[in-house]
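Heads up, the thing below is written out as structure tokens.
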Amino acid sequence: MPRLTPLAFALALLLSPPLSLATQASETGTEAVTTFTLENGMQVVVVEDHRAPVVQQMVWYRAGSADEPKGSSGVAHFLEHLLFKATDTMEAGEFSAVVAANGGQDNAFTSFDYTAYYQRVAADRLELMMQMEADRMRNLRLTEDNIRTERDVIIEERNQRTENNPRALFSEQMNAAQYLNHRYGTPVIGWMHEMRSLDMEDALSFYRTYYAPNDAILVVTGDVTPDEVRALAEKHYGAIPANPDLPERIRTEEPPQTAERRVIYRDARVAQPYVMRSYLAPERDPGDQDTAAALTLLADILGGGTTSFLTEQLQFDSRVATYSGAFYRGVSLDDTTFTLIVVPQPGVELQEAEDALDAALATFMETGVDPEQLDRIKLQIRANQIYERDNVDRIGNRYGQALASGLTIADVKAWPETLDAVTEDDIMAAARMVFDKRRSVTGWLMRDEGDTVAETLTEGAEEAEVIQ
């Protein structure tokens, strides 16, 4: 068992040079935000909330699965696991044991554009968390045994979450068809055949390249003051040297998509067949979030709940579907997707469900946005934004995700007003822009019963088919 005692070591860190003078503080409603930059390039964001003696520290690295070298898919997530192993001063597993012994919670997660680590503890334990997090930013010590055992862990994780889940396998193929060249087409967890070959050099190379203060964002939320965080960050993170060889964050660009694509995934384990369609869509860009705001509201209007347009058209009126939804995630470094899903009623063929989806979209493009529905959605969004301020985790995630994906503090603060300013015409313009079948992938998740796919899915010179 790991030792469940407070941290029994002290780091001999020198004080860093003075902080950057680029410090700003502001308030959005009751949300007080201060940001500054350490001399070594580490960005620090402090969001104060003194209602409870709780604090959350999050360290976000601007390095996710889309930043991995080709042929080493899954290494970002692999390294995330390995960061809980030993350092020069801590034993493997001791980090989380110390957090738990101090009444806190910790974890980590990896996405396409970032890897993040967090601890949620009593406010008076913040320095201990910074001390440990700074330690593993530069002092990770791995063994070949660590590599073998943790590689087995991530392979088993893929088996449980993906290989044993037809929906996950289907979504993976949809992404691969949507992104022919960009790394968003590679799963975050990695392709199995590449995960099996990940080794010590893969992990350490990624670690040495990206795990540096000038590639990191520290987000502290809760019962703290900016001055307190400034002093602690300077003491524990400020002494870590920047990586002068940090590569510029340039991604492989996706070629223009000029032909609609189709994916047909058959699996005997499928309990509920359904239709999914994704369209390439622009992400939220720094200083230019208007289109993303319109797409965010479009997703809510079309498939955001029981009163959404697709629900009324496909579930209540025609009774073609048991479920329908629309999804758009605008926080992304590069082009993202706008996705629609239709789960047909028993006895309804997938082709019928897809035809009904197309008919519903055509109707929407003719009738436009219901002003009353738009007002209701905006009211719900404003309420959610207020409730979100009660959760230090959600606040930290909102700022961390945005900054790690290329947005700024100003963009995050402007987002509520940007959403509120969206008009019906803005939404329809965004819909006309995104609903271009030449930039889409339509997929059928089917039971594998030995039947053949409808000929209507295989005809057409511009259709690229992926069958598994």
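The values are calculated or read from the model by the stated rules, or taken from the named source; none is laboratory data. The structure presented is a predicted model; accordingly, all values stated were derived computationally and were not measured. Reconstructed Cβ throughout: ideal geometry from the backbone, glycine too, with neighbour counts over all protein chains shown. Ligands, DNA and RNA are excluded from the accessible area calculation, which covers all protein heavy atoms including side chains. Shrake-Rupley method; radii C 1.70, N 1.55, O 1.52, S 1.80 Å.
Worth a mention:
- Among the residues of the range 53-67, those identified as open to solvent by 20 Å² or more (accessible area, probe 1.4 Å) and either over 22 Å from Gln401 (Cα atoms) or within 15 Å of the chain's Cα centre (by Cα) (or both) are Pro53, Arg62, Asp67.
- Filtered residues of the range 155-211 (kept if under 21 Å from Leu140 (Cβ atoms) and of a type in the set (Lys, Arg)): Arg208
- So Asp145, is it open to solvent by 30 Å² or more (accessible area, probe 1.4 Å) and either at pLDDT 95 or above or not polar (S, T, N, Q) (or both): yes
- Cβ pairs under 6 Å, 6+ apart, first in the range 146-169 and within 23 Å of Val275 (Cβ to Cβ) and hydroxyl-bearing (Ser, Thr, Tyr), second open to solvent by 20 Å² or more (accessible area, probe 1.4 Å) and at pLDDT 95 or above: Thr162/Ala168
- Residue tally, condition part of a loop (DSSP other than H, G, I, E, B) and under 21 Å from the mean Cα position of the chain (by Cα), over the range 369-417: 6
- Asp227, sole failed condition from (1) closer than 30 Å to Gln131 by Cβ; (2) touching a residue at least 12 places away in the same chain (Cβ under 8 Å); (3) of a type in the set (D, E, K, R): (2)
- Among the residues of the range 102-129, those that are open to solvent by 10 Å² or more (accessible area, probe 1.4 Å), within 15 Å of Tyr61 (Cα to Cα) and in a strand (DSSP E or B) comprise Asn107, Ala108, Phe109, Thr110, Tyr118.
- For the range 298-324, a residue qualifies if it is without any contact (Cβ under 8 Å) to a residue 12 or more places away in the chain and not in a helix (DSSP H, G or I), and the qualifying residues are Gly305, Thr306.
Listed here are the residues, each with its yes/no results for (1) assigned to a helix (DSSP H, G or I); (2) surrounded by 24 or more Cβ atoms within 10 Å (Cβ to Cβ).
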residue: Val46; (1), (2): no, yes
residue: Pro69; (1), (2): no, no
residue: His77; (1), (2): yes, yes
residue: Ala97; (1), (2): yes, no
residue: Ala100; (1), (2): yes, no
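- Test result for Ser332, over 20 Å from Gln272 (Cβ atoms), surrounded by 20 or more Cβ atoms within 10 Å (Cβ to Cβ) and polar (S, T, N, Q): yes
- Pair list, Cβ under 9 Å, 6 or more apart: the range 354-381 residue under 19 Å from Asp420 (Cβ atoms), other residue among the hydroxyl-bearing types (Ser, Thr, Tyr) and open to solvent by 20 Å² or more (accessible area, probe 1.4 Å): Val369/Thr423; Gln373/Thr307; Leu374/Thr423; Arg376/Thr307; Ile381/Thr296
- No other residue among Ala353, Ala326 is crowded, with 16+ Cβ neighbours inside 10 Å and either modelled with pLDDT under 95 or in contact with a helix residue (DSSP H, G or I) (Cβ under 7 Å, 6 or more places away or on another chain) (or both) apart from Ala326.
- For the range 362-395, a tally of residues being modelled with pLDDT of 90 or more, open to solvent by less than 70 Å² (accessible area, probe 1.4 Å) and of a type in the set (Val, Ile, Thr) returns 5.
- Put simply, of Ala430, Ala410 the only residue that is at pLDDT 95 or above, small (Gly, Ala, Ser) and closer than 29 Å to Thr363 by Cβ is Ala430.
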